1. Determine, yes or no, whether residue 351 is more than 27 Å from residue 477 (Cβ to Cβ), in contact with a strand residue (DSSP E or B) (Cβ under 7 Å, 6 or more places away or on another chain) and buried (at least 19 other Cβ atoms within 10 Å of the Cβ).
2. Could you please let me know if residue 398 is on the phi < 0 side of the Ramachandran plot, part of a loop (DSSP other than H, G, I, E, B) and over 36 Å from the mean Cα position of the chain (by Cα)?
3. Anything in segment 816-827 that is part of a strand (DSSP E or B) and without any contact (Cβ under 8 Å) to a residue 60 or more places away in the chain? List them, or say none.
4. Considering only segment 319-364, give the strands (runs of 3 or more DSSP E) lying wholly within it that have at least 2 residues that are modelled with pLDDT of 95 or more and either in the same structural domain as residue 308 (by TED's automatic domain parsing) or farther than 30 Å from residue 210 by Cβ (or both).
5. Kindly indicate which of 498, 544 is without any contact (Cβ under 8 Å) to a residue 60 or more places away in the chain and under 37 Å from the mean Cα position of the chain (by Cα).
6. Mind listing whichever residues of segment 945-962 are farther than 19 Å from residue 90 by Cβ and in contact with a strand residue (DSSP E or B) (Cβ under 6 Å, 6 or more places away or on another chain)?
7. Between a residue in segment 893-912 that is within 16 Å of residue 711 (Cβ to Cβ) and any residue that is in a strand (DSSP E or B), which pairs come within a Cβ distance under 8 Å, given they are 6 or more apart or on different chains?
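The values are calculated or read from the model by the stated rules, or taken from the named source; none is laboratory data. All figures in this text were calculated on a predicted structure; none of them were measured in a lab. We place every Cβ from the backbone using ideal geometry, glycine too, and count neighbours over all the protein chains shown.
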């Protein structure tokens with residue numbers, strides 16, 4: 001309640017006090033963009049006053065960034081209320097990911113209006129930058145040179161008719177300084193009170209020459225930022241063991257191994273294993289304990305919680321009574337909440353002014369190192385491809401007998417099997433967390449010129465080259481398997497007599513082991529899966545078979561672009577002068593993706609590594625030629641109409657024409673109505689077309705066949721048993737483009753120069769949506785995809801999830817922007833609020849299918865999480881060189897996930913919350929000048945140290961997720977920021 005009252009107070013302040021900006025821009029916006037002079041603003045090629053634009057344009061100054069303690073482009077993107085809640089930040093894609101999020105190592109992207117990162121256009125000084133080298137579809141915003149920025153313009157409208165056909169969700173244009181003189185140094189620190197996740201940035205900027213007086217300006221800036229790792233174990237709210245709240249983890253791979261009844265293996269267990277061949281029933285039981293038995297969970301055992309992160313397997317929540325003696329392990333605590341990221345960015349620009357003409361050359365680049373770390377490898381033994389059996393020998397006898405004695409006391413029927421090896425599932429904490437280390441280098445160089453042609457006409461022309469190149473290598477946590485992973489791998493190995501699951505002699509062998517790889521080390525007994533500590537020999541063995549440093553994959557994306565436009569006046573109408581802009585664009589995009597030499601035919605397998613070699617692409621090219629026209633018609637003094645049309649020709653996809661018409665009507669000086677209609681056309685990314693086909697296992701326990709189970713949840717009801725189908729993923733050579741239509745209508749109120757308010761309704765309709773269904777989406781719509789489902793003995797065993805044009809999406813919302821200010825106590829109080837209210841969010845996956853139920857406020861494992869209301873609000877006081885700021889970030893709640901036992905109604909947990917609470921945080925800062933040359937800003941982010949609200953995000957089918965939602969919340973907690981800027 002206290003958060004709601006504060007939001008109401010902030011809103012009331014905005015509505016009842018004046019403001020300095022026009023059309024709901026930040027207070028300094030008009031001053032930032034040349035004191036209201038006519039300039040090129042984002043979304044148009046015709047010069048105009050940004051304070052009088054008909055477009056819903058949010059202008060963010062560097063002062064606004066400092067005020068909120070925003071230190072990186074990723075933080076800025078998450079601050080925008082119009083940005084969606086996809087897995088686009090370094091926290092949400094740090095864990096085990098699947099589908100479109102695979103290969104986003106180190107990537108942070110924008111997702112305006114929840115349309116996806118591929119539908120948001122990111123520009124630097126009005127021109128494109130290269131997509132991330134690994135994904136080839138989304139721009140990594142962290143390559144933007146923050147230290148060189150003058151402002152950021154966010155166009156909350158479609159702009160395909162101006163910039164190209166992928167500007168569907170909107171445009172973010174990062175605009176750099178152009179006439180800076182002197183030297184500036186900036187240091188920034190952001191230290192979390194609870195420790196971990198510290199952020200540092202150091203930057204310097206130098207400029208020489210005044211364009212107006214000297215006719216030239218040279219600008220150079222360099223910045224280094226460091227984000228330290230924040231581990232899941234560093235925050236108490238990351239806790240997958242909260243059964244009273246309906247959350248427990250569905251993994252039986254634990255640091256003390258869970259024994260299973262795996263059958264015989266010709267090499268390591270020719271007569272079976274200790275638990276095989278018998279009925280595992282304790283006294284009085286009727287369901288065999290085939291789901292795993294952990295000695296810690298047996299009567300009289302030490303308890304699963306005796307190992308760090310351990311918990312008793314909740315067989316009721318997971319509707320799996322066969323696992324009643326198993327333990328589980330909290331995988332979320334092993335993942336990073338903030339990926340460690342070190343980024344060096346640089347920017348240089350030389351501008352010359354000859355008469356009224358300007359010529360410039362610029363270069364910018366970045367070098368970023370990130371580490372994606374997630375839970376330790378789980379080794380799930382089986383009788384074929386991963387034959388893991390703990391033997392009885394001189395090294396193992398003490399541990400073997402201890403485990404046997406505890407098992408036989410509860411299951412006396414295993415006594416005749418004494419001496420047979422123990423099969424198991426194990427989480428190798430001694431192996432280290434799994435880690436992908438990624439280096440991404442970007443470069444962008446450009447030339448440009450602009451100036452007058454003749455009276456009333458100007459030209460702009462330029463060319464640029466941009467690239468992003470990434471390479472990922474394995475860090476800790478990965479080891480050579482030592483056996484053949486499949487029949488195909490065995491056949492291709494060249495090893496005489498090789499079979500699936502057989503010994504792979506190409507893998508390294510650990511000292512003391514007789515067989516290669518991790519299988520050999522485990523089956524020798526040197527590495528002990530039933531102990532939390534390992535011997536020196538075991539640790540040396542792990543080091544000897546480690547795959548650390550092996551190349552995982554890499555990719556490169558390049559964009560070569562030429563553009564030119566002219567604009568000027570045509571003739572006068574009663575309302576003013578008709579203006580027009582004409583332009584052409586040419587760009588060539590190239591994408592390549594290379595796999596790992598360690599995964600090609602003839603090399604030993606590394607266990608559980610997603611090499612993606614079958615997705616390797618030789619360079620693929622796409623050429624885009626475009627011509628566009630824009631005309632601004634002041635019909636009469638109060639009414640202005642702008643029309644634009646763009647013709648794009650895509651190699652491989654043909655031509656498309658996309659128009660846009662917008663209008664503003666100002667019947668009174670203080671009242672303006674505005675609206676727009678436009679279309680869009682987006683072609684698929686290279687990898688969505690050309691990727692190979694990957695078949696992946698599904699270890700989960702939450703899926704059912706919807707054609708036989710009406711409840712949709714795992715239970716003992718007939719037809720409701722868990723299914724574990726494998727999935728096919730990959731590209732589609734027949735993939736076509738998606739089309740869109742957008743329209744908006746809004747009103748702007750400005751009763752005085754100190755107040756503004758805008759309200760804009762928007763609607764986006766996308767058809768032939770490019771993408772891939774998730775496993776759950778396909779099962780929920782199974783009747784429409786019979787050809788994508790394979791059954792074996794009437795059980796679903798394989799599902800085709802390859803990319804396709806998968807239907808339609810409808811999204812509608814209302815955006816609110818308020819600004820106000822008043823003179824008081826010799827200074828000025830400013831207040832503002834930017835909010836987005838989601839009105840519609842629906843999808844369907846075939847033209848013949850109906851739209852599904854509303855996705856607003858509904859939990860989803862993948863894609864954009866549709867929050868009904870989001871806002872960012874602030875109140876600040878400025879007097880002379882002193883500024884105090886207090887702000888609120890609000891993110892609405894949504895329906896929580898329910899695990900199978902709760903979903904099917906068989907389990908009631910007293911503290912289960914069907915709705916995730918809203919997430920509300922407050923920030924404050926104080927800025928002041930010191931000795932005229934220094935500007936100090938000290939702040940507190942998350943003043944009240946609010947933890948992310950409890951949310952069940954754990955996904956049994958991938959093993960990812962935990963007890964909080966990284967697409968919504970910041971895991972760092974209260975932190976203290978300090979920025980020192982020195983200017984000379």
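1. Working: more than 27 Å from residue 477 (Cβ to Cβ): yes; in contact with a strand residue (DSSP E or B) (Cβ under 7 Å, 6 or more places away or on another chain): yes; buried (at least 19 other Cβ atoms within 10 Å of the Cβ): yes.
Judged against the criteria, residue 351 is a match.
2. On the way: on the phi < 0 side of the Ramachandran plot: yes; part of a loop (DSSP other than H, G, I, E, B): no; over 36 Å from the mean Cα position of the chain (by Cα): yes.
Here the answer is no, as residue 398 does not meet what is asked.
3. To start, the set of residues in segment 816-827 that are part of a strand (DSSP E or B) comprises 816-824, 827.
Within segment 816-827, 816, 823, 824, 827 qualify.
4. Values: elements: 327-329, 336-338, 341-354.
Filter on segment 319-364 gives 327-329, 341-354.
5. Numbers: 498 fails: under 37 Å from the mean Cα position of the chain (by Cα).
Only one candidate passes the filter, namely 544.
6. If the condition is that a residue be farther than 19 Å from residue 90 by Cβ and in contact with a strand residue (DSSP E or B) (Cβ under 6 Å, 6 or more places away or on another chain), then 946, 949, 952 are the ones that fit.
7. Listed pairs, sorted by first residue: 899/247.
Quick grid of which residues meet (1) assigned to a strand (DSSP E or B); (2) crowded, with 17+ Cβ neighbours inside 10 Å; (3) out of contact with any helix residue (DSSP H, G or I) (no Cβ under 8 Å at 6 or more places or on another chain); (4) assigned by TED's automatic domain parsing to the domain that holds residue 914:
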{"residue": "214", "(1), (2), (3), (4)": "no, no, yes, yes"}
{"residue": "219", "(1), (2), (3), (4)": "yes, yes, no, yes"}
{"residue": "223", "(1), (2), (3), (4)": "yes, yes, no, yes"}
{"residue": "226", "(1), (2), (3), (4)": "yes, no, yes, yes"}
{"residue": "238", "(1), (2), (3), (4)": "no, yes, no, no"}
{"residue": "244", "(1), (2), (3), (4)": "no, no, yes, no"}
{"residue": "256", "(1), (2), (3), (4)": "no, yes, no, no"}
